[in-house]
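The values are calculated or read from the model by the stated rules, or taken from the named source; none is laboratory data. In this text the structure is predicted, and so the values were computed from the model without any measurement. Counting neighbours? That spans all protein chains shown, and the Cβs are built from the backbone with ideal geometry, glycine included.
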Amino acid sequence: MRGRTVISGYRIVNSNPNDRAVYSYREFEEVMNDYTGKKKVEPYGLLPPSDMDHSRVWKTPPTMSYRGSTWSFFGIPLFMANPGTTGYAHRGTSQRSLENADLALKFLADTHPFRSEFSVPTAIAELLDMGQLFKMAAKSYAGLLGGGYLNYRFGIVQFHKDIQTLSTITTSIESRIKEFDSMNLFGGLRRAPKKPLYSTSGSAQSISTLHSEFGTFVDATKSTNWTYRITGSVRWRWKGGIYVSLSKLEAFNEAVKAVLDLGELDASTIWNSIPWTWLVDYFADIGSYLQAHENDGIVEPFDLCIMRAYRGKEAYVPRPTGYVGMTLSAGSTWTEINSRDVITSVPLLPPIRLGLLSKSQALVITSLIAKFYKH
């Protein structure tokens, strides 16, 4: 832990100028919690990851100058509470545990060496069932609205995504061959998400009291802005440290089967081919759970980490006070938090994940309620 304290401004008693009180404030503070003295772990000789928390806070407080009847103030810093961390899941909370369990499974499913980019069996099953899936009579305006959104969300949008996926399938096959090769190299295959596993942001405005001593009151408009992002990293290797040598043709064939999901039917493919299982996955991500455990007798993940990044700013603009001759300046405080959790075991059961429903998922649930309400 380290920080920097600044002496800024003073207050005097008008009847006795020698009676002076000097002010100070904490301009910067940094806290780092991590492990030292790590030892390399075989068979790759890599330093193991560890849980880590790193936070930094900067403060530039508003100031006040004012000559009152009893006391006078010269550039004194006004009070600012420690910056908040709206939405951030602190270590040891149930929110953090739920996020870790849900996102670790999703991340493993998205980076699994045998994941599919486009499942041919599932696509065939969906085409066979498409007519029944959208054969819903709208008996009310609410039902029409709900059914229209569902048709758009799981019909037009998904079809467009499938076409986009097929247009890049050759690139995916080439990339998958490189992944198979990388699992034989030092350190295995390291994967990180191309986009955050979860992200959110927000803003708010309120009135805060900055000063209320010596018969002098100062309020300010506080504007808060924050962002919260969760990412991850993982390494994959052939299980048991074995070395797998594939010829160019074998590697190509294996990559094609993996990318297009053309191998033997596995649990995740069967699950995704059953109508309406996508709705179950909104509450318990069974699809990601099955994908994360696919071929666990051949490949295994290690050094799995979930990383969080929080950024927040609180700006203070003093409000008019009515005191004649009072001079006020604006101020702000910044917060930065970086944290890492090492996931040592994948959940044995799919976790319930109500707390991580996205806006799109919430719209689907709302549409379903509208669709079937009083039907």
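A few points about this structure:
- GLU213 vs. criteria acidic (Asp, Glu) and under 30 Å from SER72 (Cβ atoms): yes
- Hits in segment 60-117 - residues which are modelled with pLDDT of 85 or more and acidic (Asp, Glu): GLU99
- Among strands (runs of 3 or more DSSP E) entirely within segment 1-119, having at least 1 residues that are surrounded by fewer than 17 Cβ atoms within 10 Å (Cβ to Cβ) and under 26 Å from the mean Cα position of the chain (by Cα) singles out 16-33, 52-60.
- Pairing residues of segment 88-109 that are closer than 18 Å to MET52 by Cα with residues that are assigned to a helix (DSSP H, G or I), at Cβ distances under 7 Å and at least 6 apart in sequence or on separate chains, gives ALA89/GLN95; ALA89/ARG96; ALA89/GLU99; HIS90/ARG96; GLN95/GLY355; GLU99/LEU356.
- Reported count of residues in segment 320-335, each being surrounded by 15 or more Cβ atoms within 10 Å (Cβ to Cβ) and either over 18 Å from SER223 (Cβ atoms) or without any contact (Cβ under 8 Å) to a residue 12 or more places away in the chain (or both), is 3.
- Cβ pairs under 8 Å, 6+ apart, first in segment 230-244 and modelled with pLDDT under 90, second polar (S, T, N, Q): TRP236/THR111; TRP238/ASN184; TYR243/ASN184; VAL244/ASN184
- Restricting attention to segment 215-229 and to residues that are surrounded by fewer than 15 Cβ atoms within 10 Å (Cβ to Cβ) and more than 20 Å from THR335 (Cα to Cα), the residue that is modelled with the highest pLDDT turns out to be PHE217.
- Against the criterion of being modelled with pLDDT of 60 or more and either closer than 30 Å to TYR310 by Cα or among the β-branched types (Val, Ile, Thr) (or both), SER206 qualifies.
- Residue match in segment 30-52 (condition: under 22 Å from ALA330 (Cα atoms), among the hydrophobic types (A, V, I, L, M, F, W, C) and touching a Gly at 6+ places or on another chain (Cβ under 9 Å)): no
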